[in-house]
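Below is one structure, written out as structure tokens, with a few remarks after it.
The values are calculated or read from the model by the stated rules, or taken from the named source; none is laboratory data. These numbers were taken from a predicted model, which means no experiment stands behind them. As a convention, Cβ positions derive from the backbone with ideal geometry for all residues, glycine included, and neighbour counts pool all protein chains shown. With ligands, DNA and RNA removed, areas are computed over all heavy atoms of the protein, side chains included. Shrake-Rupley method; radii C 1.70, N 1.55, O 1.52, S 1.80 Å.
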Amino acid sequence: MHRPFDESVRPHPTGDVPGPWYGGGELDPAQVDPVVLGALLDRHGWRRRGGTTGRYARWTPPGHAAGGTSLLVPESRSFPDCEDLLGEALTALARSAAPSAREVLVGLTVPSDEIRWWRDVPQGPSGAVSWTVQEQLRAAARQMLMAGALAARGRAGYYGARHRRQAQASLDGVLVGPAPGGRSLTAFVPVQSGRAVVVRLYHALQATREAADYQRATGGMEAFDAAVEAGVSRELTEAVIALVRGAEGARIALEWSPAAGVPEGCAPRNEPVEFSPGDLPALREAGARYLTDEPSVPVRITGTVVRMRRSGPRGAGTVRLRVLAGAEVPHVRVALDEDSYRTAGHAHLVGLPIRVVGRLESRGGFRRLTDASNVVPVQVDEAERDRLMKSLQENLDFFEEACQEE
């Protein structure tokens, strides 16, 4: 079950409530590169309308006539009045009602790569879309960001529960800004913490588009198999399906932070990657293929017992472990024979984790350990043991079977 998009992506900041993304106050003109400001204005649809060549440029908001509100932006910091002009431009941007002005400020404050999603859906009254349609866009965008974050951790056709905590953490700094009308969405991914995610998503989307074209032309799935190395996975195909489903088409565009420059191996300017309902059969087939082809993983897991269950006072049973080491998943369920089950119960009752060898099964999302063996208690320091004992006292209802057996 997917968590809401808003839990991993911070809402777009407003000018009324200064926050950490604005340093608790206004931007310092002395810290603003006029070349970066000009690049961001151009990216977000502002139009250059003259100025003194080599010295200043005049920019007007998208859709404004030549006589409307404008910004005078120096082309370099080599002129004495550069900071004054930059300060006036930043003030005008902060007061502007144009959504693009806020996006320019975000790009200046937090050097970010930008990801934009569009869905071609029917318009409602006054060009708006329904709440459900907007939520579908946000959920699909969140899935796609998570797929990129997972691929940045390592390549796999299907991740399941693996790497999710780390991937989620890498998205904590992302900002999101919805566009008017509800048919598009923009994510600002800070370069410092998230560039690896955007670069991997860039390559994965290109590979997905090429693999879908190959499948539609030849009927073969070989391109999807090779695309795993580029970061394509079941998680990504599911995200693209969610974006396209119910729409006439969808597009994803990536723009690099002008302050950080273009990453190695990526094009300076990228055309949006487009998908249509005609791509859905290939994407569904690829997702099913990734799900079934991802092999189980041999592991040696150390974890604490958080639940025990069996049908009677004796015999085999099942335990749930909170994983401490050995696998990039938060919890696993393990079926144990009677002796191993007793060992797990004893270890927990005295505040010790256990170590177990087995295979992490892809079926069920890598949440189950099969062929479990070599179950042994693991010694820990006193502080950790006290913490585990406190956890036992707070969750005694989970361990009734183990207590009754003793």
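Worth pointing out:
- Restricting segment 279-367 to chymotrypsin sites (Phe, Trp or Tyr not before Pro) that sit in a DSSP loop and have at most 14 other Cβ atoms within 10 Å of their own Cβ leaves nothing.
- For segment 208-360, the fraction of 1.4 Å probe accessible surface lying on carbon and sulfur atoms is 48 percent.
- Relative contact order of segment 180-338: 17 percent, from C-alpha pairs under 8 Å at least 6 residues apart in sequence.
- Here the Karplus relation 6.51 cos²θ - 1.76 cosθ + 1.60, evaluated at θ = phi - 60°, turns the backbone of segment 297-308 into coupling constants of 10, x, 9, 10, 9, 10, x, 9, 6, 10, 7, 9 Hz, with x for every Gly and Pro.
- The 3J(HN,Hα) values that the Karplus relation (6.51, -1.76, 1.60; θ = phi - 60°) gives for segment 365-382 are, in residue order, x, 6, 10, 10, 9, 10, 6, 5, 7, 6, 7, 9, x, 10, 6, 9, 6, 4 Hz. Gly and Pro appear as x.
- In terms of its C-alpha gyration tensor, segment 69-176 has an oblate overall shape, because the principal axis ratio a/c (a ≥ b ≥ c, square roots of the eigenvalues) is not below 1.5 and a/b does not outweigh b/c.
- Highest to lowest packing among 275-287, 258-270, scored as the average C-beta count within 10 Å: 275-287, 258-270
- Taking all protein chains into account, the per residue accessible area for segment 127-272 stands at 39 Å² (1.4 Å probe).
- Here's how it looks for residue 176: its modeled amide H is under 5 Å from those of 10, 12, 188, which are all 5 or more places away or on a different chain.
- Amide H contacts under 5 Å for residue 376, placed H, 5+ residues apart: 355
- Distant-in-sequence amide contacts of residue 363, defined by a placed amide H-H separation under 5 Å and a gap of 5 or more residues or a different chain, comprise nothing.
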